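Novice: Before I ask anything, here is the structure I am working with.
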Amino acid sequence: MNDISPAALRGAVDLSSLRNRPAAPAGGAPAAAPQAIADVVVDATDETFGQILEISRTVPVVVDLWAEWCGPCKQLSPIIEKVTRELGGRVLLAKVDVDANPQLAQSFRAQSIPMVVALIAGQPVPMFTGAVPEQQVREVFAQLLQVAAQNGVAGTLAVDGAASGEAADEPSEPELPPLHAEAFAAIEQGDYAAAIRAYEKALAENPRDEDAIAGLGQVRLLDRVQGLDLQSARAAAAENPLDVAAQFDVADLDLAGGHVEDAFARLLDLFAQLPSAERAPVRERLVELFGLIGAADPRVISARNRLSSLLF
């Protein structure tokens, strides 16, 4: 995570092709920054991002780059959305599915996700990568608002009343089971060990609790990568290609950073090289990571097929 300062405004991200794209389809003329919007959380696409750049002249825009298969994204995105809504139109959150919007992913140089970048008057400001606790998210948002004000971007977006009324009529989300709520609260505090204990208790009560299974896998991953240094981990893995712990560290970092295929390939290569008697931990880790991404994901299907061929 980076501290935000006025000096952070820089052209490290190439948005020129998106900036030059007309924001409105009719007449080909760029749209003015809107006075009212339907919601402060929007899905941004390659085609609509020109509008987002225009809005960033009125309020800072937070861009959340995510993907459906990214476990840490599922931890971070709800926190960012919650903090955005609490600010009452002083910030717009633009959610970008990197798989569906490759041009945006390339423009932001999204080498790993979750990746969060702000836009102030069309200029990118780095915020953070990876899942972080809620308190850190709040601190960075506070810095963002200060920098935006210093650069003359301190407006407030009016949320369309009709849209707000529709949202208010929607049924509220069901309350989380107590142990799940306990796990989420621990995650927001950065206490992954406590979250793991809560999910393990939930599974002890109901071994078929799929939400607890998925949550436990995600939090275990976050706990394992906490404090790891990618450069040091890669160096250790390169020096010791058959060191299971060293290869696990890099695979975890790759998966947490969105490099799913790299993580699977590393562990499958390790599995293939190890003696049969030493393979079990690698197989177990692969199965755990498959569960994080999802059985229907083509990358999981491909990796499972290779694992099966290595087993038999």
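Novice: Would you check which residues across the range 135-156 are within 30 Å of GLN218 (Cα to Cα) and modelled with pLDDT under 85 and list them?
Specialist: GLN135, GLN136 - these are the residues of the range 135-156 that are within 30 Å of GLN218 (Cα to Cα) and modelled with pLDDT under 85.
Novice: Is it fair to say ALA235 is free of Cβ contacts under 8 Å to residues at least 24 places away in the same chain, within 30 Å of PHE128 (Cβ to Cβ) and out of contact with any strand residue (DSSP E or B) (no Cβ under 9 Å at 6 or more places or on another chain)?
Specialist: yes
Novice: A follow-up question, please. Against the conditions (1) part of a loop (DSSP other than H, G, I, E, B); (2) touching an Asp or Glu at 6+ places or on another chain (Cβ under 8 Å); (3) modelled with pLDDT under 85, where does LEU18 fall short? Just the number, please.
Specialist: So LEU18 meets the others, but not (1).
Novice: Now a separate question. Looking at (1) among the aliphatic types (A, V, I, L, M); (2) under 16 Å from LEU270 (Cα atoms); (3) touching a residue at least 60 places away in the same chain (Cβ under 8 Å), which is the one condition that is false for ALA256?
Specialist: With respect to (1) among the aliphatic types (A, V, I, L, M); (2) under 16 Å from LEU270 (Cα atoms); (3) touching a residue at least 60 places away in the same chain (Cβ under 8 Å), ALA256 is out only on (2).
Novice: Looking for whichever is more than 30 Å from VAL250 (Cβ to Cβ), out of contact with any Pro (no Cβ under 9 Å at 6 or more places or on another chain) and surrounded by fewer than 18 Cβ atoms within 10 Å (Cβ to Cβ) here; the options are ALA100, ALA94, ALA38, ALA44. Which one fits?
Specialist: ALA38
Novice: Can we say TYR192 is free of Cβ contacts under 8 Å to residues at least 24 places away in the same chain, farther than 13 Å from ASP249 by Cβ and crowded, with 17+ Cβ neighbours inside 10 Å?
Specialist: no
Novice: Working only within the range 118-154, note down all residues that are within 16 Å of the chain's Cα centre (by Cα), in a loop (DSSP other than H, G, I, E, B) and of a type in the set (A, V, I, L, M).
Specialist: Within the range 118-154, ALA131, VAL132 qualify.
Novice: Also, I was wondering about something else. Search the range 272-290 for residues being closer than 14 Å to ASP243 by Cβ and under 31 Å from the mean Cα position of the chain (by Cα), and hand back the single one that is surrounded by the most Cβ atoms within 10 Å (Cβ to Cβ).
Specialist: VAL282
Novice: In the list LEU228, LEU242, LEU253, which residue meets the criterion of being touching a helix residue (DSSP H, G or I) at 6+ places or on another chain (Cβ under 7 Å), surrounded by fewer than 17 Cβ atoms within 10 Å (Cβ to Cβ) and under 30 Å from GLU188 (Cβ atoms)?
Specialist: After applying the criteria, what remains is LEU228.
Novice: Quick one: how many residues across the range 101-111 are assigned to a helix (DSSP H, G or I) and either over 20 Å from PRO124 (Cα atoms) or free of Cβ contacts under 8 Å to residues at least 60 places away in the same chain (or both)?
Specialist: Summing the residues that are assigned to a helix (DSSP H, G or I) and either over 20 Å from PRO124 (Cα atoms) or free of Cβ contacts under 8 Å to residues at least 60 places away in the same chain (or both) in the range 101-111 gives 3.
Novice: For the range 51-75, which positions are closer than 18 Å to ALA295 by Cβ and of a type outside the set (A, V, I, L, M, F, W, C)?
Specialist: GLU68, GLY71, LYS74
The values are calculated or read from the model by the stated rules, or taken from the named source; none is laboratory data. All values derive from a computational prediction rather than experimental measurement. All Cβ positions, glycine included, derive from the backbone under ideal geometry; neighbour counts span all protein chains shown.
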